[in-house]
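Below is one structure, written out as structure tokens; comments come after it.
The values are calculated or read from the model by the stated rules, or taken from the named source; none is laboratory data. Fair warning: this is a prediction, and the values are worked out from it, not measured in the lab. Every residue, glycine among them, receives a Cβ derived from its backbone with ideal geometry; neighbour counts consider all protein chains shown. To get the accessible areas, we keep the full protein, side chains included, count just its heavy atoms, and leave off ligands, DNA and RNA. Shrake-Rupley method; radii C 1.70, N 1.55, O 1.52, S 1.80 Å.
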Amino acid sequence: MKYKIQRVLVIGLGLIGGSFAKALKSRRLVEEVLGYDRNLDDCHLGVRLGVIDRVAEDLPLALTTADLVVLAVPVKVMEQVLVEVAPHLSPKTLLTDVGSTKLNIIQAAERVLGRLPSTFIPGHPIAGAEKSGVRAADADLFERHKVILTPTEASDSEATLQIARLWQAVGAEVLQMDPARHDQVLAATSHLPHMLAFSLVDTLAHEEENRDIFRYAAGGFRDFTRIAASDPVMWHDICQANRDALLKQIDQFSAGLGKLRQAIATGDSQSLLGIFTRARVAREHFSRLLAGSAYSHSNQAIDLKILPGSQLQGELQVPGDRSISHRAVVLAALAEGVSDLYGFLEGEDSLATLQALRDMGVVIEGPHQGHVRIYGVGLQGLQPAPGPLYLGHSIVSMRLLMGILAAQPFASELCGDEALNQASMESVMRPLRAMGAWIESAENFCPPIRITPVAQLLGRQHRLPQASAQVKSALLLAGLYAQGSTQVLSPGSSRDHTERLLSAMEYPLEQSIHEAQERVALLSEGALKPLNLDIPGDFMAALALVVAALITPQATLRLKKIGVNPTRTQAFTLLQRMGAKLELHALEMHSGEPVAEVRVSSSLLQGISLSAEESASLGDNLLFIVVAAMHAQSASELIFAKPLSSAQIAGLEQLQRLGAKLAWVDAKHLQITPAALKGGEIKGELEANIQLALVVAAVGAEQEVRLQQAQILLTAFPELIEQAQSAGLRIHKESD
Ligand SMILES: NC(=O)C1=CN([C@@H]2O[C@H](COP(=O)(O)OP(=O)(O)OC[C@H]3O[C@@H](n4cnc5c(N)ncnc54)[C@H](O)[C@@H]3O)[C@@H](O)[C@H]2O)C=CC1
Ligand SMILES: O=C(O)C(=O)Cc1ccc(O)cc1
């Protein structure tokens with residue numbers, strides 16, 4: 001059916017009806033807006049104020065000629081108005097309402113009309129004010145506000161679309177929801193807060209010194225109680241119309257308030273801090289979710305401009321190691337006692353995991369200038385999260401948490417953003433299932449992941465098909481809970497930060513390498529001691545600066561406290577073989593991790609021949625060696641054990657497009673003839689580590705290079721760009 005909305009009749013010319021009428025009229029969205037209210041004076045006032053074009057003096061006639069009828073009366077009056085309206089509606093008349101509750105209005109329509117018409121599209125604008133009446137009508141009330149449509153099973157989709165378009169045309173964002181769900185959600189988000197505000201003000205107003213209380217009320221009181229000035233009759237009606245959902249919310253809230261009371265009464269600081277930090281973080285989290293930017297510092301596209309002529313000089317401390325930051329928060333949450341982490345990198349992975357841990361009852365202070373304090377709950381202390389754990393973009397968060405959650409005595413659900421929900425979790429799911437875990441996923445092992453508790457995980461020997469630090473760590477985490485020893489065998493070695501942290505926390509484990517096979521075994525059941533950890537500087541960030549210094553003239557850099565874990569530093573060894581003036585000083589151990597000062601200066605590099613084994617152990621650092629080879633005096637040959645990942649190939653293609661001389665002999669053999677980049681634009685959503693390597697290549701370019709979508713890099717390595725800038729790197733954000 002096609003609908004044309006030329007004449008609109010609004011019944012109930014109060015704040016909402018009046019505002020909608022005025023919004024339609026002032027934007028000339030329809031030919032004529034008629035108004036009807038039981039209070040005739042308000043109708044005439046509506047014409048004078050430019051809210052409506054005409055009063056519907058003859059209601060039956062107005063109803064038969066209207067294309068759309070909008071019911072904007074109090075929810076309790078809806079049924080009575082429907083009785084008046086019903087006889088005059090034609091099968092083509094669209095009917096909608098703006099009531100704050102939905103189920104009761106739909107039920108009323110069913111009673112009055114016999115069955116729900118296809119033209120009835122219930123709606124609810126989530127916009128309002130403490131004012132009421134036609135004088136308060138505001139044509140812009142719905143700008144940037146949400147409107148929830150709750151079409152019934154009978155509603156025609158074309159009719160729904162027409163109503164949605166009209167709301168969009170007055171500036172609203174339209175959502176659709178099942179009517180019952182609407183009433184539950186609104187009970188929590190709108191109706192309960194109004195009850196609290198009314199009740200608080202009422203309670204305080206009864207107290208003896210109420211004058212003083214109100215006179216000295218601080219801003220918090222004013223903010224919290226603004227909505228207690230709302231229309232009492234309207235809220236009386238809403239309470240009755242949404243009784244059951246609202247009672248449920250009041251009960252839940254009362255239980256929460258009871259816990260808070262108990263914590264105050266018993267001086268339970270940990271519980272108090274827990275409630276306040278969780279609430280504070282949740283509030284921030286929701287604000288970010290609403291802004292669509294959870295876990296990333298910015299979703300806005302940022303360009304980076306890299307200019308020729310960088311001169312790197314001085315001393316620098318790079319951000320904390322990404323992997324160690326992430327693993328440390330996970331393990332500290334499971335420790336017996338309070339851990340302090342310094343130099344924590346606020347990367348997307350860590351932030352997603354921090355939030356998930358908080359959702360499971362772990363009290364975490366910070367991050368504040370790199371310091372995070374975590375009140376460990378012990379291996380058995382996690383609590384079920386109130387809902388699904390949302391992990392944003394972070395695959396590693398999901399893998400590690402799967403390892404822990406598979407062993408908990410409660411069920412969990414893990415989900416993420418669109419990209420994460422398309423990532424296969426097979427490599428973790430299969431071995432966890434082999435330990436007895438009950439894990440389900442959507443198609444192709446993709447999230448959402450649902451975990452059902454099982455009595456006991458069983459330790460076993462896992463043979464990974466390929467080395468993966470993430471899979472290994474997830475299995476070791478599950479192993480902390482398993483009966484019997486958990487062992488992970490990997491071909492070749494992968495990052496061992498989890499193992500080193502476990503050792504630093506005095507958890508018994510054994511590591512060995514035998515014939516290029518790495519073996520890690522958790523020895524017996526134990527507990528985790530808390531950490532006091534100064535997180536070493538990120539190796540990849542250091543490598544980026546090292547290569548940048550090597551390929552630019554007159555550079556000398558000292559990078560303080562860099563993590564030089566031998567599972568990561570292969571790239572340094574290769575650069576030294578190419579002739580890099582690169583030295584490690586002041587080597588010492590920090591909580592089981594080797595840390596050193598890295599000194600580097602401009603160098604004349606020679607080309608390199610890289611064996612398949614060497615390139616395999618380079619992992620994510622490969623592209624940095626390619627960039628160094630582009631600036632060597634002679635050609636390089638790189639052999640790969642297996643074809644490169646699509647992310648690495650995308651990075652190499654960008655280099656080639658900008659002038660790098662790369663020649664593929666076959667998919668596992670690359671020749672590099674020295675040549676600097678010319679300049680130009682790097683487009684597309686590349687991974688952060690690939691973008692970082694491209695930035696380094698751009699530092700050695702002949703002309704300006706612009707990196708688009710650099711928010712990806714800035715999210716993974718916040719502050720790195722500013723730090724490099726201060727050391728002389730000619731790099732700028734486009735907004736500069
Ligand atoms: N005020 C708010 O913040 C919001 C209110 N709503 C919903 O919108 C509807 C209207 O609320 P407001 O505009 O705020 O109230 P309001 O009090 O400003 O307006 C209601 C109007 O309906 C008229 N009315 C009452 N009974 C009538 C009858 N039998 N026939 C004709 N007219 C009648 C009244 O005279 C009044 O002008 C309610 O269902 C409310 O739940 C929805 C979103 C926000
Ligand atoms: O002013 C506020 O904070 C509101 O929450 C306004 C409001 C009141 C009732 C509704 O059905 C929708 C929105």
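The 3J(HN,Hα) values that the Karplus relation (6.51, -1.76, 1.60; θ = phi - 60°) gives for segment 529-542 are, in residue order, 7, x, 9, 10, 10, 9, 5, x, x, 5, 5, 5, 4, 5 Hz. Gly and Pro appear as x. Each peptide among 541-548, 62-69, 670-677 gets the average number of other Cβ atoms lying within 10 Å of its residues, and from highest to lowest they stand as 541-548, 62-69, 670-677. Starting from the Cα gyration tensor of segment 555-617, take the square roots of the eigenvalues, sort them a ≥ b ≥ c, and report rounded, prolate or oblate (rounded when a/c is under 1.5, otherwise prolate if a/b is larger than b/c, else oblate). Here segment 555-617 falls in the oblate category. With only the Cα atoms considered, the chain has a convex hull volume of 202 Å³ per residue. Based on protein heavy atoms only, the chain ends up with 44 Å² per residue of surface accessible to a 1.4 Å probe. Taking Lys and Arg as +1 and Asp and Glu as -1, the other residues whose beta-carbon sits under 15 Å from that of Leu528 total -2.
Ala586 sits among other residues whose Cβ lies under 12 Å from its own Cβ, and their net charge, with Lys and Arg +1 and Asp and Glu -1, is +1.
For segment 94-160 versus segment 384-409, the inter-centroid distance based on Cα atoms is 38 Å.
Every pair of different Cα atoms in segment 7-177 enters the Kirkwood calculation, which places the hydrodynamic radius at 15.5 Å. Scalar couplings 3J(HN,Hα) for segment 18-33, obtained by applying the Karplus form with A = 6.51, B = -1.76, C = 1.60 to θ = phi - 60°, are x, 5, 5, 4, 5, 5, 5, 5, 5, 8, 6, 7, 9, 6, 8, 10 Hz; x denotes Gly and Pro.
Per-residue ellipticity at 222 nm computed for the chain from its helices equals -12000 deg cm²/dmol, with DSSP H segments shorter than 4 residues left out and the rest contributing -39,500 (n - 2.57). Amide H contacts of Val10: Leu34, Gly35, Tyr36, Val70, each under 5 Å away and 5 or more positions distant or on a separate chain (H built 1.01 Å from N in the peptide plane; Pro and chain starts excluded).
Between segment 17-52 and segment 456-485, the alpha-carbon centres lie 68 Å apart.
Each residue of segment 169-182 is assigned a 3J(HN,Hα), and the resulting list reads 5, 9, x, 8, 9, 9, 10, 10, 8, 5, x, 5, 4, 3 Hz, derived from the Karplus form 6.51 cos²θ - 1.76 cosθ + 1.60 (θ = phi - 60°), x at Gly and Pro. Cross-linked pairs Lys102/Lys248; Lys76/Lys146; Lys76/Lys248; Lys472/Lys529; Lys560/Lys683: Cα-Cα separations exceed 25 Å for Lys560/Lys683.
Heavy-atom surface analysis with a 1.4 Å probe gives segment 7-177 a carbon and sulfur content of 47 percent of its accessible area. Its Cα centre serving as origin, segment 476-573 has a Cβ charge dipole (Lys and Arg +1, Asp and Glu -1) of approximately 440 debye. Which values of log₁₀ I(q)/I(0), to two decimal places, follow from the Debye formula for segment 322-533 at q = 0.09, 0.16, 0.18 Å⁻¹ with a uniform point scatterer at every Cα? Debye intensities relative to I(0), on a log10 scale: -0.30, -1.04, -1.36.
In straight-distance terms, cross-link reach from Lys2 covers every one of the aspartates and glutamates whose alpha-carbon lies under 14 Å from its own, apart from those fewer than eight places away in the same chain; here that gives Asp67, Asp156, Glu158.
In degrees from 0 to 90, rounded to the nearest 10, what is the angle of the helix 269-290 Cα long axis to the longest principal axis of the chain? Approximately 80 degrees, to the nearest ten. Here segment 633-693 and segment 566-612 have alpha carbon centers that stand 21 Å from each other.
Packing, as the average of other Cβ atoms within 10 Å across residues, places the peptides 565-572, 100-107, 327-334, 79-86 in the order 327-334, 100-107, 565-572, 79-86, highest first.
Here the accessible area is traced with a 1.4 Å probe on the protein chains. For segment 185-267, carbon and sulfur cover 57 percent of it.
Return one number: the angle in degrees, 0 to 90 and rounded to the nearest 10, between the long axis of the Cα atoms of helix 469-479 and the longest principal axis of the Cα atoms of the chain. On a 0 to 90 degree scale, this one is about 70.
Need one word for segment 539-733: rounded, prolate or oblate. Basis is the Cα gyration tensor (sqrt eigenvalues a ≥ b ≥ c); a/c below 1.5 gives rounded, then a/b vs b/c decides. Verdict is rounded for segment 539-733. For Ala23, the shell of other residues with beta-carbons less than 14 Å away shows a net charge of +2, using +1 for Lys and Arg and -1 for Asp and Glu.
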